[in-house]
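Laboratory data are not the source of any read-out in this text; all were calculated from the coordinates shown. Computed from a prediction, not measured in an experiment: that's the story for all the values here. Every residue, glycine as well, gets a Cβ built from its backbone with ideal geometry; the counts of neighbours run over all protein chains shown.
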Amino acid sequence: MEYVTTETPVTVAGITLIPVVRVGLYSHDSEMGGGLAGNKEPLAIILCDQQGVHAWDINSSDIAMSLLLEKIPGLNTILAAYQSH
């Protein structure tokens with residue numbers, strides 16, 4: 001199972017940074033037992049300031065907010081809270 005989510009936003013000097021990560025949880029069963037593994041990897045950063053909302057992937061390339069809004073449930077609500085500052 002994998003999903004994309006945000007981590008705790010950080011606001012400094014009127015600029016809010018919202019980390020975006022992919023979280024994975026994997027399991028398997030066998031005759032000798034089972035296993036469980038997980039990982040978390042950074043995907044993007046969202047910046048909210050007085051000029052709007054911008055996002056970049058981990059390679060510093062622009063990323064469309066529409067893509068993030070599609071992948072992250074509740075992101076609209078998070079952004080609304082920080083766009084009003």
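At-a-glance table
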{"read-out": "Cα-centred dipole magnitude for the chain, charges only on beta-carbon of K, R (+1) and D, E (-1), debye, nearest 20", "value": "220"}
{"read-out": "Loop-resident sites, the chain, for GluC sites (Glu not before Pro), counting at most 16 other Cβ within 10 Å (DSSP)", "value": "7, 31"}
{"read-out": "Listed residues 82, 55, 8: farthest to the positive end of the dipole of the chain (Cβ charges)", "value": "82"}
{"read-out": "Distance between modelled label sites at residue 58 and residue 71, nm, 7 Å Cα→Cβ extension", "value": "1.1"}
{"read-out": "Long-range amide H partners of residue 43 with built H, under 5 Å", "value": "20, 21, 22"}
{"read-out": "Estimated vicinal HN-Hα couplings, Hz - the stretch 49-63 in sequence order (Karplus 6.51, -1.76, 1.60; Gly, Pro = x)", "value": "9, 5, 8, x, 10, 9, 9, 9, 7, 6, 9, 6, 8, 4, 10"}
{"read-out": "Hz values of 3J(HN,Hα) by residue in the stretch 26-32 - Karplus curve (6.51, -1.76, 1.60), Gly and Pro given as x", "value": "10, 9, 8, 10, 8, 5, 8"}
{"read-out": "Gaussian network model of the chain, springs between alpha carbon atoms under 10 Å - residue of 67, 47, 36 with greatest fluctuation", "value": "36"}
{"read-out": "The chain: relative contact order as a whole-number percent, Cα under 8 Å and 6+ apart", "value": "24"}
{"read-out": "Estimated FRET transfer efficiency when R0 is 35 angstrom, pair residue 78-residue 37 (beta carbons, to 0.05)", "value": "0.80"}
